[in-house]
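No lab work stands behind these numbers, since they all come straight from the coordinates. As the structure is a prediction and not an experimental result, all values here were calculated from the model. As a convention, Cβ positions derive from the backbone with ideal geometry for all residues, glycine included, and neighbour counts pool all protein chains shown.
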Amino acid sequence: MSEDIAPFILSWLIVARAIPYHFVKSSHSEDSMKALVAVKRVVDYNVKVRVKADNSGVELANVKMAINPFCEIAVEEAVRLKEKGIVTEIVVVSIGPKEAQEQIRTALALGADRGILVETGAEVQPLAVAKLLKAICDQEQPQLVILGKQAIDDDNNQTGQMLAALAGYAQGTFASMVKVDGGKAVVTREIDGGFQTVELNLPAVVTTDLRLNEPRYAALPNIMKAKKKPLDVKTPADFGVDVTPRVKTLKVNPPAERSAGIKVKTVEELVAKLKNEAKVI
């Protein structure tokens, strides 16, 4: 039996050795994919937000700041794609004051490769952010742009959609699962009726939802390495974008304090209060 199959084994070995290397190596090693991730500097979600005495805004002096939680999820997803060999470079962008470098360094410690800060002291609203990100995309040419679906300070949920429209990119919003392969991204979206799966041609914009992943903590060695990673500082003027606010905040009020509950003695009394006072039935 061994004499019968020996010629076939020898023929197979000859054919296998003749196969060019590029047919057998990983497809991810051939293609380079750049991911651009936008992060926003916001008040840490563990901090109780206080309104200024003049009701002009939120008190930010001497308050702990952090990466917007949805943006942190975006960074984590990009890092996971890089660990899988799909993404080869991660560029983190933030738009805001000089202090936002701290949030960029945090993202670099989590696994991003380099950062860009568009420094401005003005209030930057979603349309201006989208225009700046579009200008950066024109320069960087990323195949994938990942953003948090919204920021916890203003809850606008607008920037990702505006960026996709301005850049002409496909978009997958409220992503709870992202798979990238073969020049396409398959995104599972959270919608009111459940889940929707869409296939996007790259380049594309993806906005992240809470269920997409759980961000990691930055290790101390990576925090030290992040200090040496490149971080470019630009201004809106460098991109020819006017960031003048289009919407004016008239007044900011804290939410009404909840009153203490009361105890009722009978079901009839409960029903009466729900109907006449709470007006929920």
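What the table shows:
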{"read-out": "Spatially proximal lysines relative to K225 (Cα-Cα < 20 Å; intrachain offsets below 8 disregarded)", "value": "K82"}
{"read-out": "Extension gain from L166 to K64, taking 0.36 nm per residue of separation minus the Cα-Cα distance", "value": "33.4 nm"}
{"read-out": "Within a Gaussian network of the chain (alpha carbon springs, distance under 10 Å), most fluctuating of V247, V43, V129", "value": "V247"}
{"read-out": "Under 14 Å from K48, Cα to Cα: aspartates and glutamates that are on another chain or at least 8 residues apart", "value": "E59, D153, E257"}
{"read-out": "For the stretch 187-247 and the stretch 29-86, distance of Cα centres in Å", "value": "8"}
{"read-out": "Degrees separating the helix 267-276 axis from the principal Cα axis of the chain, which is the longest one", "value": "90"}
{"read-out": "Sorted by Cβ neighbour density within 10 Å, fewest at the top, the residues I152, I95, I116", "value": "I152, I116, I95"}
{"read-out": "Mean residue ellipticity (222 nm) of the chain, computed from DSSP H runs ≥ 4 via -39,500 (n - 2.57), nearest 500", "value": "-9500 deg cm²/dmol"}
{"read-out": "Cα-Cα over 19 Å, subset of K40/K149; K98/K251; K52/K248; K64/K98; K40/K64; K149/K227", "value": "K98/K251; K149/K227"}
{"read-out": "Neighbourhood charge, 14 Å Cβ-Cβ cut-off, centred on K225 and excluding it, Lys, Arg +1 and Asp, Glu -1", "value": "+4"}
{"read-out": "Most mobile of K265, K64, K251 in a GNM of the chain (Cα contacts under 10 Å)", "value": "K265"}
{"read-out": "Debye intensity ratio in log₁₀ form over the Cα atoms of the stretch 31-161, taken at each q of 0.11, 0.13 Å⁻¹", "value": "-0.38, -0.52"}
{"read-out": "GNM top mover of P255, P126, P142 - the chain, alpha-carbon springs below 10 Å", "value": "P255"}
{"read-out": "Relative contact order of the chain, defined on C-alpha pairs under 8 angstrom at six or more residues apart (%)", "value": "21"}
{"read-out": "Low-density loop positions, chymotrypsin sites (Phe, Trp or Tyr not before Pro), the stretch 167-262 - DSSP coil, at most 10 other Cβ in 10 Å", "value": "Y217"}
{"read-out": "Using alpha-carbon coordinates, inclination of helix 126-140 to the longest axis of the chain, degrees", "value": "20"}
